[in-house]
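The structure appears right after this line, and notes come after that.
The numbers here are math on the coordinates, done by the rules we state, and not lab data. From a predicted model like this one, the values you see are computed outputs, not experimental measurements. As a convention, Cβ positions derive from the backbone with ideal geometry for all residues, glycine included, and neighbour counts pool all protein chains shown.
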Amino acid sequence: MGGFFAAALKTDCVFDLFFGTDYHSHLGTRRAGMATFGKDGFNRSIHNIESSPFRTKFEKEVHEMSGNLGIGCISDYEPQPLIVRSHHGTFAITTVGKINNQEALAEEIIKNGGTHFLEMSGGSINATELVAALINQKDNIIEGIKYAQERIDGSMTMLLLTAAGVYCARDRMGRTPLVIGVKDEGFCASFEEFAYLNLGYRDYKELGPGEIVVMTPESVTTLVKPGSDMRICTFLWVYYGYPSSSYEGRSVEQMRYNCGKLMAKRDGLTKEEVDIVAGVPDSGTAHAVGYANESGVPFSRPFIKYTPTWPRSFMPTIQSKRDLIARMKLIPVQELIENQRLLLIDDSIVRGTQLRETTDFLYSAGAREVHVRPACPPIMFGCKYINFSRSTSEMELIARRIINKEEGQEVERAVLEDYANPDSDRYAHMLEEIRKQLGFTSLGYNRLDDMLDAVGIDKSKLCTYCWDGRE
């Protein structure tokens with residue numbers, strides 16, 4: 001995933017840039033960077049944040065960098081922002097998204113223009129560098145941004161910092177957000193709406209799908225009008241979004257509460273069947289509160305997430321180590337677990353590794369039963385648009401592993417759709433196999449229709465690809 005922040009002020013912007021970018025630390029775990037432009041030209045700094053949070057790495061830059069225009073980012077993958085010199089002049093660029101046709105685009109650019117790309121570790125190229133190269137294929141920045149978005153299979157939201165202002169471009173289908181804030185000193189652009197509130201900004205506008213604006217200290221000017229079709233990622237509400245976030249005017253915390261409420265109405269478990277409802281912290285907590293309030297089953301916190309020295313940014317890129325750290329962060333409260341029938345709500349089940357280990361640890365702490373209710377349906381397809389999961393293959397998804405075991409390697413689309421249908425026999429069999437494999441007392445996923453109702457916007461505007469394959 002990843003997040004970004006930009007500022008265009010009549011005064012120095014580095015303070016706002018520092019804290020605005022830091023507020024996106026829940027969206028990325030690998031690299032972070034800031035770039036500014038002022039009377040001394042461009043300045044940039046990039047740091048690794050795998051072992052320590054953003055603020056500790058960039059405190060020095062707050063006192064050394066300057067400029068009234070700036071962009072910052074938190075990245076799960078490539079180092080950015082990049083500073084690029086081209087026929088457009090010099091600009092800095094940062095991006096959030098996913099490019100599925102990256103190799104084909106790179107080969108085409110190299111063949112046609114002789115441009116080279118620097119390889120990152122693992123042999124891949126920097127996606128942000130590729131986006132800059134696509135922009136440079138056209139005669140001006142606006143046409144270049146449009147061209148890049150048209151050629152990319154996937155999605156791409158970007159910020160470009162130039163001497164004239166900051167260009168902000170939301171991806172063509174609006175799968176990720178981009179909002180503008182305003183205060184007397186100027187404007188900011190942000191992935192997360194809440195990131196600018198404590199800095200004194202108020203809401204100005206939310207960019208529509210494919211919209212491109214240029215932001216200066218004096219104004220925000222629309223250069224390309226928004227499109228009519230949108231497919232914003234539903235997983236932003238379910239998992240990625242910070243509780244105080246809002247997208248398209250819909251609160252993340254409220255959506256999760258609504259989600260838990262609708263799950264309880266559908267599920268029907270009562271306090272005669274379970275003793276407490278608990279959420280896997282942090283994203284499962286509001287789902288669990290909604291479930292508890294609707295069902296009458298008491299809400300409790302039988303384990304606590306330890307974060308003083310392990311913020312989210314301290315998550316290794318190697319999956320086995322990520323699983324270990326995730327487990328070490330959860331500290332049991334023995335008195336609330338022993339001899340209890342627990343109903344556990346998590347945001348999702350992807351591979352199942354962490355939730356199986358969480359369940360094992362609850363049993364070892366004395367739980368009688370562990371009933372699991374993920375807040376979204378079984379994940380059937382790997383994300384094509386925003387890299388919400390680190391899965392390198394759909395066969396890493398536990399639902400697909402079960403289906404593969406039952407159906408063989410090649411599974412027709414109609415069969416996958418049947419497995420995704422919560423009223424089918426195949427779906428019921430898949431759930432039972434997942435339940436047995438992960439050691440739950442019972443398992444019941446949220447239904448897609450209930451989850452979308454919990455968001456509360458037109459369903460045609462929501463991306464549901466990872467659950468139903470609908471593009």
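Laid out as a table, the results:
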read-out: Nearest-0.05 FRET efficiency for Asp282 and Gln437, computed from C-beta distance (R0 30 Å); value: 0.70
read-out: Point-to-point label distance, Glu218-Asp184, nm (Cα→Cβ direction, 7 Å offset); value: 2.0
read-out: For Arg170, net neighbour charge (Lys/Arg +1, Asp/Glu -1) across residues whose Cβ lies under 13 Å away; value: +1
read-out: Alpha carbon convex hull of the range 51-151, volume per residue in cubic angstrom; value: 128
read-out: Extent along principal axes [Cα atoms of the range 2-229; Å; largest to smallest]; value: 47, 41, 32
read-out: Tail fraction, Cα-Cα pairs, the range 174-244, threshold 15 Å, whole percent; value: 56
read-out: Anisotropy class of the range 236-468 from Cα gyration tensor, a/c 1.5 cut; value: rounded
read-out: Cα-based helix-to-principal-axis angle, 319-329 vs the chain, degrees rounded to 10; value: 70
read-out: Electrostatic dipole magnitude of the range 236-468 [Cβ: Lys, Arg +1; Asp, Glu -1; Cα centre; debye, to 20]; value: 800
read-out: FRET efficiency estimate (nearest 0.05) - Cβ-Cβ, Ala428 to Lys265, R0 30 angstrom; value: 0.90
read-out: Per-selection Kirkwood Rh - the chain (Cα, Å, 1 d.p.); value: 23.2
read-out: Most to least packed among 2-12, 360-370, 56-66 [average Cβ atoms within 10 Å]; value: 2-12, 360-370, 56-66
read-out: Ordering of 94-106, 415-427 by packing [mean C-beta count within 10 Å, highest first]; value: 94-106, 415-427
read-out: Share antiparallel - DSSP beta bridges, the range 236-468, percent rounded to 5; value: 30
read-out: Computed label-point distance, nm, for sites Asp453 and Phe361 using a 7 Å Cα→Cβ extension; value: 3.4
read-out: Difference of contour (0.36 nm per residue) and Cα-Cα distance, Glu59 to Ser124; value: 20.4 nm
read-out: Set Lys57/Lys98; Lys10/Lys39; Lys225/Lys461 screened for pairs whose C-alpha atoms are more than 20 Å apart; value: Lys57/Lys98
read-out: The chain: angle of helix 54-64 to the longest principal axis, Cα-based, in degrees nearest 10; value: 20
read-out: DSSP bridge pairs, the chain: antiparallel proportion in percent, nearest 5; value: 85
read-out: Label-point separation in nm, Asp40 to Lys461, each point 7 Å along Cα→Cβ; value: 4.4
read-out: Whole-number Å³ per residue for the convex hull built on Cα positions in the range 324-422; value: 128
